[in-house]
Amino acid sequence: MKFFIDTANLDQIREAHDLGILDGVTTNPSLMAKEGITGAEAVLKHYVDICNIVDGDVSAEVISTDFKGMVEEGEKLAALHENIVVKVPMIKDGIKAIAHFTNQGIRTNCTLVFSPGQAILAAKAGATYLSPFIGRLDDINWDGMELIKQIAEIYAVQGYETQILAASVRNPLHIVKAAQFGADVVTCPLNAILGLLNHPLTDIGLAQFLADHAKANK
Ligand code: G3P
């Protein structure tokens, strides 16, 4: 399973990259706004800055919601860097745009996916990645992980090549379950990635090893 970081924060992207386990980055308009990146030129420059840190796929989301607008924006984004993946919302014109980009050889990430039916449409359109939002489903008392399981089963049965990119990940357990249920990629905030490190027995064991070593070597 590939690890992407879900942020537009350059320091966090660098920190995850320095761990040596980072395969890519996903952003969305909310994450860009959170970093204070506003205005078309600044947004484009920020995507290039991200691509210069991580040698892996970087999802850049279109703002338009009509076919023509999405195509124009997506082509501009894709031309920025070979690692850019155009992120397109799961709406009717979004599916048309994904099919168009697929024909043009432009890679896509279909976002805001909450049902298996949406996942089938995106795969038919040739999306490179599909982003089911686990945490937002859990937030409304639906089972986000069940969706990952269902999509993984459907894609395996049908032989779809679209990669399942588990998104809206909130904690380390989401990462573990996404891996267990067949996600190809997980995109998560830095704290969820770092949370995978933690176990009290590791801390206790290390303290013991160091204490024993110090005692034996004084
Ligand atoms: O990038 C899309 C997704 O990961 C958003 O996550 O936490 O805002 O639901 P969240």
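Treating the range 8-80 as a set of equal point scatterers at the Cα positions, no solvent, please give the Debye-formula log₁₀ I(q)/I(0) at q = 0.18 Å⁻¹. The Debye formula, applied to the Cα set alone, gives -0.70. The angle between the Cα long axis of helix 40-53 and the longest principal axis of the Cα atoms of the chain comes to about 40 degrees, rounded to the nearest 10. For a test of understanding, tell me how many lysine pairs in the chain have Cα atoms under 20 Å apart, given they are 8 or more places apart or on different chains. The result is 19. For the chain, the 222 nm mean residue ellipticity estimated from helices alone, with every DSSP H stretch of n ≥ 4 adding -39500 (n - 2.57) and the total spread over all residues, rounds to -16500 deg cm²/dmol.
If you take the Cα centroid of the range 114-155 and the Cα centroid of the range 49-67, the two points sit 21 Å apart. Using a probe radius of 1.4 angstrom, the carbon and sulfur fraction of the accessible surface of the range 154-209 is 62%. Only beta bridges with both residues in the range 2-216 are counted; by DSSP, about 0 percent of them are antiparallel. Looking at the chain as a GNM with Cα springs under 10 Å, which of GLY74, GLY205, GLY105 has the largest mean-square fluctuation? Among GLY74, GLY205, GLY105, the largest mean-square fluctuation in the Gaussian network model of the chain belongs to GLY205.
When you filter the GluC sites (Glu not before Pro) in the range 79-164 for DSSP loop state and at most 12 other Cβ atoms inside 10 Å of their Cβ, you are left with GLU82, GLU161. Against the chain, whose longest principal axis comes from its Cα atoms, helix 144-158 is set at around 60 degrees.
Give the dimensionless ratio obtained when the Cα radius of gyration of the range 115-218 is divided by 2.2 N^0.38 Å.
Values: Rg = 19.2 Å, N = 104, 2.2 N^0.38 = 12.8 Å.
Against the compact-globule rule of thumb, the ratio is 1.50.
The percentage of C-alpha pairs in the chain whose separation is greater than 31 Å is 23%. The Cβ shell under 13 Å around LYS96 holds other residues with a net charge of +1, Lys and Arg each +1, Asp and Glu each -1.
The values are calculated or read from the model by the stated rules, or taken from the named source; none is laboratory data. Just so you know, these numbers come straight off a predicted model, no measurement behind them. We place every Cβ from the backbone using ideal geometry, glycine too, and count neighbours over all the protein chains shown. Please note that ligands, DNA and RNA were not included when accessible areas were found on the heavy atoms of the full protein model with its side chains. Shrake-Rupley method; radii C 1.70, N 1.55, O 1.52, S 1.80 Å.
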